[in-house]
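Student: Please read through the structure below; I'll follow up with questions.
The values are calculated or read from the model by the stated rules, or taken from the named source; none is laboratory data. Note that the structure is predicted; figures quoted are calculated from it, not measured. Methodologically, a virtual Cβ is constructed for each residue, glycine included, from the backbone with ideal geometry; neighbour enumeration extends over all protein chains shown. Only protein heavy atoms, including side chains, enter the accessible area calculation; ligands, DNA and RNA are left aside. Shrake-Rupley method; radii C 1.70, N 1.55, O 1.52, S 1.80 Å.
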Amino acid sequence: MTATEVPIPTTFASHDPRTGAVVGTHPVHDAAAVEAAVARAGDAAKWWGGLGFAERRRRLGEWRKALVRSIDDLARVVCDETGKPFDDARLELVLAIDHLDWAAKHAERVLKRRTVPAGLLMSNQAASLRYAPIGVVGVIGPWNYPVFTPMGSIAYALAAGNAVVFKPSELTPGVGTALADSLAEIVEGRALFQVVTGSGETGAALCRAPGIGKIAFTGSTATGKRVMATCAETLTPVLIECGGKDPMIVDADADLGAAADAAVWGGMSNAGQTCVGVERVYVHDAVADAFTAEVVSRARAVHPGAEFGPMTMASQSDVVRGHVQDALARGGRAVVGGVESVRPPFVDPVVILDVPEDSTAVREETFGPLLVVNRVPDVDEAVRRANATGYGLGATVFSKARGEEIATRLRCGMVSINSVISFAGIPSLPFGGVGDSGFGRIHGEDGLREFTRPQAVTRQRFALPIAVTSFRRTSRGMRALLGVVKLRHGR
Ligand code: NDP
C-alpha cells in the first residue's frame, strides 16, 4: 500500500444511540461477497421452490414458533441498536410474526395454479395461471422498524417460494443477522435467508449482483431513486417503499379524546420515526380548540427515554430542529416544546399550531416527535391540504359519519378510520404508497404476488372449425368471426 491509499475497512460497528456504546461488530460485505451470497441463494431458491407450498408452510411455521420463543432476545437486539423501549421492540416482533403466519398460510391459495375462463372466441382453449417464484429477492431495509419493515418483504418473499438476501441498515446490522440466524436452524444450513452487512455500497452491490430477480427497497425517497437507477442498469424489477408525510383529518363529529390520543401516539411513538406516523393534523374549526387542548395535555405527558427512545440516526436531530425553526419562523405557534426540545440524542414532544402549508414542517418528512396541527374551515379543505404533498403513504381519519367517504378522497395507499396505523397490523391488507412514497405492495395477497412472476399457460383442447391464426385463413372464416363479434360486442 502506498502512503496515499486509504485502507478499506473490513468491519464496522453498530452503536446504542442512547449512549454511543458499541453493541456489535459486523463485516463490510464488498461486491464479491455479495455476489457469492446471491449465488448461494440461487441454489437455495431451487431447493425451496421445489419443496412446494405445504412443506414451505410447515417450515415457515417452525420459524414462526422459533421467533416467538426468542422474542425477548431479539427485542433486546432491537433496543440496543435503535434505543426504542423494550415493549415497542416486542410489539414490532409480534406484528412481524403475525404477518409471517399469514403469508405462510395463504401463499398456496393466492399463488397456486388456477384455471381461468378462456372466453367465447378462444373457447377451444384451457387457460390457466400460476404465480411462480422469482428466485432470489434482495431486500434492503431501514433502521426505524428493523424487524417489522423488512419482514414485510422477507416473509412474503419466502412464502412465495423465493430465497432472500437481506441488506439491513448499517445502524441495525445485528437485528438483521439475528433474524437470519433464527431461520438458518430450520432449513438445514441452506442459504435460504442470508444477510449482507455494510453501508449503502453493499446495498448497491446487491442491486447489481448477477442472479438477483427483484429488489424490495424500504427507505428514504432519495435512496429509493438511487436504487431504481442502479436496478435500471440490469432491468431488475423493484418494489419501492419510501417515506411519507402522513396527514390526520379530524372532522367536527369526531371523538376528540380518541383522536387526540391517536395523534399523539401516531406522531410521537418511536420518537416520530415511523414512515406511517402522523406528521400533520387538519382539524375542523368547530372542534379545533377542544381537540388541541386534548393533544397538548397528552403530549406533555410523554417523554423521551420513557415512552419513546432517542433519534436512532444522529443527523435526524438536525432535520427536526430545522423543521421546528422553519415552522416558527413562518408564524407557527408552539403549544408544546420548541427549538429547545431538540437535545440530541433525544427530542421532546413538540406541537405547533397554524403552520403555513409551504413550511418544511408541512411539506417534508420530519421523522421526529413534531406534530403540526392546522385548523381548517371544512373537510373539503382538509382533504385538499392532505393531498397537497408529493408523498402518499398512509392517512388517518377521525369522523363518526363520514370516515369512508373522506378515505376514498385521499391520495394515498392506506387509511385508518377512528384509529391510527391499524392497517399495518392487518396482514390481509396491502401496504405501500403512491407518488414520492413509492410503488408496489408488501403484505396481503398483493404482497405475495409482488414476489412472483405470473405465468400464463393455455392448452388447445380441440381445433376450431374456423382457423383465423393460420395462413389457411379464408375470407369466409373471417366473415364468420366478424359475425360472432358483432353479436357479442356490437350491440
Ligand atoms: P435510507 O434511504 O437512508 O436507507 C435505506 C437502506 O438503503 C439502508 O439499508 C441503506 O444502507 C441502503 N442504501 C443506502 N444507499 C444505497 C444505495 N446507493 N444503494 C442501495 N442501498 C442503499 O433510509 P433510512 O434507513 O434512513 O430509513 C428511513 C426512511 O425509511 C424514512 O424515509 C422512512 O419513511 C422510510 N421508511 C419507509 C417505510 C415504508 O414502508 N414505506 C417503512 C419504514 C421506513 P445504509 O443504512 O448502510 O446507508
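Student: Taking amide hydrogens as modeled 1.01 Å from N in the peptide plane, which residues meet the under 5 Å criterion relative to LYS167, leaving out close sequence neighbours?
Tutor: Amide H neighbours of LYS167: VAL139, ILE140, GLY141, VAL196.
Student: By how many degrees, 0 to 90 and rounded to 10, does the Cα axis of helix 288-300 deviate from the longest principal axis of the chain?
Tutor: Long axis of 288-300 versus the principal axis of the chain: about 80 degrees.
Student: Right, another one. Counting only other residues whose beta carbon sits under 15 Å from that of THR274, what net charge do I get with K and R as +1, D and E as -1? Please list the in-between numbers first.
Tutor: Numbers: positive: LYS84, LYS245, ARG280; negative: ASP88, GLU92, GLU241, ASP246, GLU279, GLU307, GLU365.
Charge balance in the 15 Å sphere: -4.
Student: Restricting to segment 247-425, what percent of DSSP beta bridges are antiparallel, rounded to 5? Present the calculation step by step, with values, prior to reporting the outcome.
Tutor: Working: 5 of 26 bridges.
Counting only bridges with both partners in segment 247-425, antiparallel ones make up about 20 percent.
Student: Can you give the longest stretch of the chain with no exposed loop site, where a site means GluC sites (Glu not before Pro) in a DSSP loop (not H, G, I, E or B) with at most 10 other C-beta atoms within 10 Å? Before the final figure, lay out each step's value.
Tutor: Details: sites that count: GLU5, GLU188, GLU233.
Looking at the chain, 234-491 is the longest stretch - no exposed GluC sites (Glu not before Pro) with at most 10 other Cβ atoms within 10 Å.
Student: Heavy atoms only, 1.4 Å probe, whole protein assembly: order VAL415, VAL287 by accessible area, highest first.
Tutor: Details: VAL415 45, VAL287 20 Å².
In descending accessible area the options line up as VAL415, VAL287.
Student: Would you mind working out the magnitude of the charge dipole of segment 1-126 relative to its Cα centre, with +1 at each Lys and Arg C-beta and -1 at each Asp and Glu C-beta, to the nearest 20 Debye? Provide the component values of the computation, followed by the final result.
Tutor: Details: 18 positive and 17 negative charges, 209 e Å.
Here segment 1-126 has a charge dipole of around 1000 debye.
Student: A further question on this structure: Find, among the chymotrypsin sites (Phe, Trp or Tyr not before Pro) in segment 382-491, those assigned to loop by DSSP (not H, G, I, E, B) with at most 14 other beta-carbon atoms within 10 angstrom. Please list the in-between numbers first.
Tutor: Numbers: sites: TYR391, PHE398, PHE423, PHE431, PHE439, PHE451, PHE462, PHE471; in loops: TYR391, PHE451, PHE462, PHE471.
Taking segment 382-491 and a limit of 14 other Cβ atoms within 10 Å, the loop chymotrypsin sites (Phe, Trp or Tyr not before Pro) found are PHE462, PHE471.
Student: Right, here's the next one. In segment 109-164, which trypsin sites (Lys or Arg not before Pro) fall in coil by DSSP and have 15 or fewer other Cβ atoms within 10 Å?
Tutor: On the way: sites: ARG109, LYS112, ARG113, ARG114, ARG130; in loops: LYS112, ARG113.
The qualifying sites are LYS112, ARG113.
Student: Something else: For every helix of n ≥ 4 consecutive DSSP H residues, a contribution of -39,500 (n - 2.57) applies; sum these over the chain, divide by its total residues, and give [θ] at 222 nm rounded to the nearest 500 deg cm²/dmol. Walk me through the intermediate numbers first.
Tutor: Details: 15 runs with 201 residues, N = 491.
Using -39500 (n - 2.57) per qualifying helix, the result is -13000 deg cm²/dmol.
Student: At a probe radius of 1.4 Å, what is the per-residue accessible area of ASP354, in Å² to the nearest 10?
Tutor: Approximately 70 Å² for this residue.
Student: Could you give each residue of segment 113-120 its phi-based ³J(HN,Hα) in whole Hz, using Karplus coefficients 6.51, -1.76, 1.60 with θ = phi - 60°, and x for Gly or Pro?
Tutor: 4, 9, 7, 10, x, 8, x, 4
Student: Please identify the chymotrypsin sites (Phe, Trp or Tyr not before Pro) of segment 115-170 that satisfy two criteria: DSSP loop assignment and at most 16 other Cβ atoms within 10 Å. Which are they?
Tutor: On the way: sites: TYR131, TRP143, PHE148, TYR156, PHE166; in loops: TRP143.
Qualifying residues, ordered by number: none.
Student: Of LYS84/LYS400; LYS46/LYS105; LYS65/LYS167; LYS225/LYS400; LYS105/LYS214; LYS214/LYS245, which ones are farther than 30 Å apart at the Cα?
Tutor: Details: LYS84/LYS400 34 Å; LYS46/LYS105 21 Å; LYS65/LYS167 24 Å; LYS225/LYS400 39 Å; LYS105/LYS214 23 Å; LYS214/LYS245 27 Å.
Cα-Cα > 30 Å for LYS84/LYS400; LYS225/LYS400; rest within.
Student: Give me the dipole magnitude in Debye, nearest 20, for the chain about the Cα centre, with unit charges on the beta carbon: positive for Lys and Arg, negative for Asp and Glu. Present the calculation step by step, with values, prior to reporting the outcome.
Tutor: Working: 53 positive and 52 negative charges, 749 e Å.
Approximately 3600 debye in magnitude.
Student: Which of the listed residues, MET228, THR10, ILE97, is farthest toward the dipole's positive end in the chain, when Lys, Arg count +1 and Asp, Glu count -1 at the beta-carbon?
Tutor: MET228
Student: Something else now. Roughly what angle does helix 316-329 make with the longest principal axis of the chain, taking Cα atoms, 0 to 90 degrees, to the nearest 10?
Tutor: That helix lies at roughly 70 degrees to the long axis.
Student: Moving on. If you fit an axis through the alpha-carbon atoms of helix 86-111 and take the longest principal axis of the Cα set of the chain, what angle between them do you get, 0 to 90°, nearest 10?
Tutor: 10
Student: Mind checking which of VAL196, LEU481, GLN273 is farthest towards the positive end of the chain's charge dipole, using Cβ charges of +1 (Lys, Arg) and -1 (Asp, Glu) about the Cα centre?
Tutor: About the Cα centre, the residue reaching furthest to the positive side is LEU481.
Student: Per-residue accessible area for PHE53 at 1.4 Å probe radius, Å² rounded to 10?
Tutor: Answer for PHE53: close to 50 Å² accessible.
Student: How much net charge surrounds ASP101 when only the other residues with a Cβ under 11 Å from the Cβ of ASP101 are counted, with Lys and Arg +1 and Asp and Glu -1? Mind showing how you got there, number by number?
Tutor: Values: positive: ARG57, ARG64, LYS65, LYS105; negative: ASP98.
That works out to +3.
Student: Another question, then. Which Cα, out of GLY24, THR177, GLY42, lies furthest along the positive dipole direction of segment 11-242 (beta carbon charges, K/R +1, D/E -1)?
Tutor: Checking the options against the dipole of segment 11-242, the answer is GLY42.
Student: Going from most exposed to least, what order do THR292, THR408 have by accessible area with a 1.4 Å probe? Write out the running numbers ahead of the final one.
Tutor: Values: THR292 20, THR408 115 Å².
So the residues, ranked largest to smallest area, are THR408, THR292.
Student: Report the local net charge at PHE308: Lys and Arg +1, Asp and Glu -1, summed over other residues whose C-beta lies under 9 Å from its C-beta. Can you show the working numbers first?
Tutor: Details: positive: LYS84; negative: ASP88, GLU307.
Net charge in that neighbourhood comes out at -1.
Student: Continuing with this model, one more query. Just how much of HIS489 is accessible, in Å², when a 1.4 Å probe is used and the result is rounded to the nearest 10?
Tutor: Around 120 Å² of this residue is reachable by solvent.
Student: Sort TRP47, TRP265 by heavy-atom solvent-accessible area, probe 1.4 angstrom, most to least. Show your work: numbers first, answer last.
Tutor: Details: TRP47 40, TRP265 125 Å².
Highest to lowest solvent-accessible surface, that is TRP265, TRP47.
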